[in-house]
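Read-outs throughout are calculated quantities, based only on the coordinates presented, and are distinct from any laboratory measurement. In this text, all values refer to a predicted model and were calculated from it rather than measured experimentally. Cβ sites come from the backbone with ideal geometry, for glycine too, and all protein chains shown count toward neighbours.
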Amino acid sequence: MPMTFPPPSRDKAALETGAVFTPRFDGNGLVTAVVTDARDGELLMVAHMNAEALALTLQTGIAHYWSRSRNALWKKGESSGNLQTVVELRTDCDQDAVWLKVSVAGHDATCHTGRRSCFYRTVSAAPGGATLAMTGGEPQFDPDTVYSNS
């Protein structure tokens with residue numbers, strides 16, 4: 001039987017300290033998902049989940065997301081082999097975001113560019129705008145090879 005979530009509580013105390021998970025999906029039916037490595041805490045990615053992705057994640061222990069660009073459910077790592085096994089899932093105080101602590105299989109890489117983390121560049125102020133600089137994160141796999149059949 002598919003997992004469903006009750007509507008968010010209007011009672012602030014129940015929402016913030018209660019024992020019932022009532023995620024607050026936005027107008028597009030999504031919650032923000034912050035994903036870190038369970039081993040060392042590195043920020044790996046930020047994504048979104050709809051109710052189906054969140055339910056599948058809870059039921060299977062494998063991270064599922066909603067791809068806004070593809071408008072489709074997305075089992076992270078299904079094509080690359082870098083599946084994310086959820087070690088812990090938390091929600092924030094008003095239940096409109098979740099934090100997944102995951103263990104990454106395969107190449108231990110999360111980003112579609114082949115890097116461990118999607119956050120491999122720093123942003124700095126510059127005259128007339130901002131610049132990006134690489135801060136590490138060499139590719140762990142060749143995305144052209146891994147995703148050639150996707």
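Would you please classify the overall shape of the range 18-97 from the alpha carbon gyration tensor, given that a ≥ b ≥ c denote the square roots of the eigenvalues, rounded means a/c under 1.5, and beyond that prolate means a/b larger than b/c while oblate covers the rest? Could you put the intermediate results ahead of the total?
Numbers: a/c = 1.63, a/b = 1.16, b/c = 1.40.
Oblate is the answer for the range 18-97, as a/c is 1.5 or above yet b/c matches or exceeds a/b.
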Check your understanding: Does anyone have the angle between helix 51-60 and the longest principal axis of the chain? Alpha-carbon axes, 0 to 90°, nearest 10?
Key -> 80
**Study point:** Length released on extending from Ala14 to Ser124, taking residue separation times 0.36 nm less the Cα-Cα span
**Key:** 35.5 nm
Exercise for review: Just name one of Ser103, Ser69, Phe119: the one whose Cα is farthest towards the positive end of the charge dipole of the chain (beta-carbon charges, Lys/Arg +1, Asp/Glu -1).
Suggested key: Ser69
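What value in Å³ per residue do you get for the convex hull of the alpha-carbon atoms in the chain? Please list the in-between numbers first.
On the way: hull volume 24.1 nm³, N = 150.
About 161 Å³ per residue, rounded to a whole number.
Using per-residue counts of other Cβ atoms within 10 Å, averaged over each peptide, order 61-70, 48-57 from highest down.
Working: 61-70: 16.7, 48-57: 20.5.
Result, highest mean first: 48-57, 61-70.
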**Study point:** Antiparallel content of DSSP bridges confined to the range 12-116, in %, to 5
**Key:** 75
